[in-house]
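Asker: Quick one: structure below, then a few questions.
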Amino acid sequence: MNEAVRPTLAERWPARSILSALADTGEVFLLLGQIVRELPFALRKFGLVVNQMAAIGIGSIPLTLIVALFTGAVTAVQAAYQMKDYVPMVYLGTVIGKSVVIELGPVLTAIVVGGRVGASVAAELGTMRVTEQVDAMETMGISPIRYLVVPRFIAATLMLPVLTIFADVVAIFGSYLVAISTLDITPHTFTSGLKMYFKMQDVFSGVLKAFFFGQIIATMGCYYGLKSEGGAEGVGLATTKAVVASCVLILVVDYLLASFLFRVLFA
Amino acid sequence: MHRAPDLGSVPGRDAGPALVPNVAIEFSDVWKRLGRKEVLRGVTLSVGRGESLVIIGRSGSGKSVLLKHAIGLMEPDRGIVRVNGFDVTKLADRELFELREGMGMLFQAGALFDSMTIGENVGLALREHTPLPEVQIEIVVAEKLALVGLTGTESQRPSALSGGMKKRAALARALAMNPKIMLYDEPTTGLDPITADVVNRLIRQLQQRLKIASIAVTHDMRSAYHIADRIAMLHEGRIHAIGTPAEIQATRDPIVRQFIEGSSEGPLQPT
């Protein structure tokens, strides 16, 4: 092989993949640093944040609620099946309440919204990048981080907890409907179980998770969107990467937060 | 015509003011590698205040890359890029953004923000950087749009405009802050000959009336002869030749001749 065209160590797989992953990680942290620096300036442009809150939050309500309704319904059916003959049905509401509020509500909402919003943010910023709109913004002396990234970051951070609370309520309502209509459980039995071991810290832990999940979704969408190159194919690739990275990070951070909250903070 | 000038020894790398007050933009021994290709290989070039410089060269020769260095969208691997005497590679983000407020750039495809109307596009920099009241901003936007022959298009979306109108709207946006330096990336590419002539005349008028220093990158030799005080040819990562339009037209350099005549026969091989 010609010495001049032989790939360097950095260009060989798996070295290339490892270096690329490390570089991505470093760049994401740099982006987070820039976001933190620009937060005070972006708050002066709260109109941009409100627009993004409408797009990310209000736009995601129908999808979130449909997913939550059926999540609650299927949780009721499966919990009842597993408890049958072993656990009194008064605990059905307890099991559903805790699993929805602590885990299913925040995680499923984040995965669904991550797919919708992460893809939309990555595609929008990616298109702006490949059509030189981001460069144009920079040449006008306007920071794309301040103008494009921070409003989306704040909006997702604020709206994910709100969507999660909506999802919790609708999921519990869905399971309640299924329980009283098809599982031969009285409303009183279900609500007694729901209230029995209810702890406010469970709601807090779910909302706290959603707060971080919102940041993950916005950061991944913005990072891969702004990193797009090469036209439509590049934007498609960025969109896929943003959604995949969001979903994986949501599950990883879910584990880390659960470990911290239930083994350290509330132990 | 003469060979690319040697600006002499490179001053120390600081972001201080210009040593040469009449120079608006200065590239000193600029090198840039993209992937495995050395795109710029020691470009040395300067543009005076009020001067219009056109850079010609083949596709992929690094013309747009050089232009992006002038406004800090790219950083050189080696060498210095000074704008108004400030080394753009040494400026902090905020200082760079402030420097850019005095510059304008026209992108090849316009790069209008498609989520905004034309009026919002043109007025964006004014809203971000000046304390002007909304009424005053609307007056300035209308003036700039009139300057490029697009009166009354404020409420239209970029998608509703033709290619030529988009380019002119983008020009109005670039002029909104009354820049002293303008950068044009392929200002007439994709335009019909009549619209191209309108854009050429606009660029020339701006330079003559407002004494704007400009660099335009183009393949369009008709446009280059129209708008240039000097033409530089970028070839193999270096300034191969530089001179006035008359000097370029009269040159015997085979590479320049082949390029300006658009011939497939000569030292430049089709890519």
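Asker: Check off (1) more than 13 Å from every other protein chain (Cβ to nearest Cβ); (2) free of Cβ contacts under 8 Å to residues at least 24 places away in the same chain for B:Glu120 and give me the number that stays unchecked.
Answerer: Of everything listed in (1) more than 13 Å from every other protein chain (Cβ to nearest Cβ); (2) free of Cβ contacts under 8 Å to residues at least 24 places away in the same chain, B:Glu120 misses just condition (1).
Asker: Here's something else I'd like to know. For the range B:207-217, which residues satisfy the criterion of being assigned to a helix (DSSP H, G or I) and either surrounded by 22 or more Cβ atoms within 10 Å (Cβ to Cβ) or touching a residue at least 60 places away in the same chain (Cβ under 8 Å) (or both)? Steps first, please.
Answerer: If we filter the range B:207-217 for residues that are assigned to a helix (DSSP H, G or I), which is where we start, we get B:207-210.
The answer is B:Gln207, and nothing else.
Asker: Would you please name the residue that is nearest to the chain's Cα centre (by Cα), looking only at residues in the range B:69-94 that are within 11 Å of another protein chain (Cβ to nearest Cβ) and more than 20 Å from B:Arg238 (Cβ to Cβ)?
Answerer: Once the filter is applied, the top-ranked residue is B:Ile71.
Asker: Taking the range A:230-259 as the search range and keeping residues that are β-branched (Val, Ile, Thr) and touching a Ser or Thr at 6+ places or on another chain (Cβ under 9 Å), which one is nearest to A:Gly206 (Cα to Cα)?
Answerer: Filtering the range A:230-259 for residues that are β-branched (Val, Ile, Thr) and touching a Ser or Thr at 6+ places or on another chain (Cβ under 9 Å), the one nearest to A:Gly206 (Cα to Cα) comes out as A:Thr239.
Asker: OK, next. Which residues, counting only those in the range A:145-159, are within 11 Å of chain B (Cβ to nearest Cβ) and surrounded by fewer than 22 Cβ atoms within 10 Å (Cβ to Cβ)?
Answerer: A:Ile145, A:Tyr147
Asker: Which one of the conditions (1) crowded, with 17+ Cβ neighbours inside 10 Å; (2) within 14 Å of chain A (Cβ to nearest Cβ); (3) within 21 Å of A:Tyr147 (Cβ to Cβ); (4) not β-branched (Val, Ile, Thr) does B:Pro131 fail to meet, given that it meets all the rest?
Answerer: Condition not satisfied by B:Pro131: (1).
Asker: Any residue at all in the range A:60-83 that's surrounded by fewer than 19 Cβ atoms within 10 Å (Cβ to Cβ) and in a loop (DSSP other than H, G, I, E, B)?
Answerer: no
Asker: Here are some residues: A:Leu148, A:Leu104. Which one is in a helix (DSSP H, G or I), touching a helix residue (DSSP H, G or I) at 6+ places or on another chain (Cβ under 7 Å) and farther than 30 Å from B:Val122 by Cβ? I'd like the intermediate steps shown before the answer.
Answerer: Details: A:Leu148 fails: farther than 30 Å from B:Val122 by Cβ.
Checking each option against the conditions leaves just A:Leu104.
Asker: For the range A:84-101, give me the residue count where each residue is of a type outside the set (Phe, Trp, Tyr), part of a helix (DSSP H, G or I) and over 17 Å from A:Ser205 (Cα atoms).
Answerer: Of the residues in the range A:84-101, the ones of a type outside the set (Phe, Trp, Tyr) are A:84-85, A:87-90, A:92-101.
Then drop every residue that is not part of a helix (DSSP H, G or I), which leaves A:89-90, A:92-101.
Narrowing further to those that are over 17 Å from A:Ser205 (Cα atoms): A:89-90, A:92-93.
The total comes to 4.
Asker: If you don't mind, another one. Among the residues of the range B:38-53, is any within 12 Å of chain A (Cβ to nearest Cβ), within 27 Å of B:Gln249 (Cα to Cα) and either buried (at least 17 other Cβ atoms within 10 Å of the Cβ) or among the acidic types (Asp, Glu) (or both)?
Answerer: no
Asker: Here's another thing I want to ask about it. If you scan the range A:208-249, which residues turn out to be farther than 18 Å from A:Leu31 by Cα and buried (at least 20 other Cβ atoms within 10 Å of the Cβ)?
Answerer: A:Lys209, A:Ala210, A:Val235
Asker: Collect the residues in the range B:95-109 that are at the interface with chain A (Cβ under 9 Å from one of its Cβ atoms) and either more than 23 Å from B:Lys167 (Cβ to Cβ) or out of contact with any Ser or Thr (no Cβ under 9 Å at 6 or more places or on another chain) (or both), keeping them in residue-number order.
Answerer: Matches in the range B:95-109: B:Leu96, B:Phe97, B:Glu98, B:Leu99, B:Glu101, B:Gly102.
Asker: Let me ask something else. Looking only at the range B:174-188, which residues are within 11 Å of another protein chain (Cβ to nearest Cβ), out of contact with any Phe, Trp or Tyr (no Cβ under 7 Å at 6 or more places or on another chain) and not hydrophobic (A, V, I, L, M, F, W, C)?
Answerer: Passing the criteria: only B:Pro179.
Asker: When the residues of the range A:121-144 are narrowed to those that are among the small types (Gly, Ala, Ser) and in a helix (DSSP H, G or I), which ends up nearest to the other protein chains (Cβ to nearest Cβ)?
Answerer: As a first pass, look at the range A:121-144 and keep what is among the small types (Gly, Ala, Ser): A:122-123, A:126, A:136, A:141, A:143.
Those still in the list that are in a helix (DSSP H, G or I) too: A:122-123, A:126, A:136.
Numbers: A:Ala122: 16, A:Ala123: 13, A:Gly126: 13, A:Ala136: 4 Å.
Across the range A:121-144, the extreme among qualifying residues is A:Ala136.
Asker: Another one. Take the residues in the range B:245-271 that are aliphatic (A, V, I, L, M) and over 13 Å from B:Met221 (Cα atoms), then tell me which one is surrounded by the fewest Cβ atoms within 10 Å (Cβ to Cβ).
Answerer: Here is the first cut: in the range B:245-271, the residues aliphatic (A, V, I, L, M) are B:246, B:248, B:250, B:255-256, B:260, B:268.
So of that shortlist, the ones also over 13 Å from B:Met221 (Cα atoms) come out as B:250, B:255, B:268.
Working: B:Ala250: 11, B:Ile255: 17, B:Leu268: 16.
In this case the residue turns out to be B:Ala250.
Asker: Is there a residue in the range B:145-155 that is in a helix (DSSP H, G or I), under 24 Å from B:Lys68 (Cβ atoms) and either of a type in the set (Gly, Ala, Ser) or without any contact (Cβ under 8 Å) to a residue 12 or more places away in the chain (or both)?
Answerer: Taking the range B:145-155 and keeping what is in a helix (DSSP H, G or I), we get B:145-147.
Still in the list and also under 24 Å from B:Lys68 (Cβ atoms): none.
The answer is no, given that none of the residues of the range B:145-155 is in a helix (DSSP H, G or I), under 24 Å from B:Lys68 (Cβ atoms) and either of a type in the set (Gly, Ala, Ser) or without any contact (Cβ under 8 Å) to a residue 12 or more places away in the chain (or both).
Asker: Please give the number of the condition B:Ile239 fails out of (1) without any contact (Cβ under 8 Å) to a residue 60 or more places away in the chain; (2) of a type in the set (A, V, I, L, M); (3) surrounded by fewer than 22 Cβ atoms within 10 Å (Cβ to Cβ).
Answerer: Every listed condition holds for B:Ile239 apart from (1).
Read-outs: derived from the displayed coordinates by stated rules, not from any lab. What you are looking at is a predicted structure, and each value in this text was computed from that prediction instead of being measured. Here the Cβ is made from the backbone with ideal geometry for all residues, glycine too, and neighbour counts use every protein chain on show.
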